[in-house]
Amino acid sequence: TTELDHLVIENHLITRKPDWADHLGRAVLHFRPTTRLAEHRTPAVTREIFLAYSTGPRASVSPRLFAVLEKTDGRTTLGKLGLTEDLHAELYALWQERFFTLTPA
C-alpha cells in the first residue's frame, strides 16, 4: 500500500509489476481477525466494513462490492466471487486502509 515501485532489501531488488491492480480478480481476499461487515436499515440501507476495536476505522461499501465481500472464504479468487473491473478502485481503497489482505491464488 506504500505505492513503492522498487524496494531494496540487502542485496535484493523487488520491483512491483505496474499493472498488478488490474488483476485483482485473480487475488484471494483474507479478512483480518477484527474485520466485520455490517448492513444497517435505518430507513435507507447502508453497508460498511470496519475493524472491531474502539478506535477502528470504518468505511462505506457499495452494495455490489458488499455482496462480493460477504462471499469471501479465504480460498476463492475475487473474480470467481463476482468482482468486476469497475469495483477494483473501491476494493483497492479498502485494501489500502488495511481492512484485509490480498494474496495470489
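Kindly evaluate L102 against the criterion of being closer than 19 Å to T2 by Cα, surrounded by 12 or more Cβ atoms within 10 Å (Cβ to Cβ) and either of a type in the set (S, T, Y) or at pLDDT below 95 (or both). Yes, satisfied.
Working carefully through the options T42, T76, find the one that is at pLDDT 95 or above and of a type in the set (S, T, N, Q). Among T42, T76, only T76 is at pLDDT 95 or above and of a type in the set (S, T, N, Q). Within the range 35-80, which residues are among the β-branched types (V, I, T) and within 19 Å of Y92 (Cα to Cα)? Those that are among the β-branched types (V, I, T) and within 19 Å of Y92 (Cα to Cα): T35, I49, V61, V68, T72, T76, T77.
For L29, are the conditions met, namely being closer than 17 Å to A89 by Cα and touching a residue at least 40 places away in the same chain (Cβ under 8 Å)? Considered against the rule, which asks whether it is closer than 17 Å to A89 by Cα and touching a residue at least 40 places away in the same chain (Cβ under 8 Å), L29 comes out as yes. Residues in the range 25-41 that are over 16 Å from E97 (Cβ atoms), open to solvent by 40 Å² or more (accessible area, probe 1.4 Å) and in a strand (DSSP E or B): E39, H40, R41.
A44 falls short on exactly one of the conditions (1) open to solvent by less than 100 Å² (accessible area, probe 1.4 Å); (2) touching a residue at least 40 places away in the same chain (Cβ under 8 Å), and that condition is (2).
Against the conditions (1) closer than 21 Å to G82 by Cα; (2) modelled with pLDDT of 95 or more; (3) open to solvent by 20 Å² or more (accessible area, probe 1.4 Å); (4) not hydroxyl-bearing (S, T, Y), D22 satisfies every one except (2). The set of residues from the range 63-79 being of a type outside the set (A, V, I, L, M, F, W, C), in contact (Cβ under 8 Å) with a residue 12 or more places away in the chain and surrounded by 13 or more Cβ atoms within 10 Å (Cβ to Cβ) comprises R64, T72, T76, T77, G79.
The values are calculated or read from the model by the stated rules, or taken from the named source; none is laboratory data. Values in this document were obtained by computation on a predicted structure and should not be read as measured data. Here the Cβ is made from the backbone with ideal geometry for all residues, glycine too, and neighbour counts use every protein chain on show. Protein only, heavy atoms only, side chains kept; ligands, DNA and RNA dropped before computing areas. Shrake-Rupley method; radii C 1.70, N 1.55, O 1.52, S 1.80 Å.
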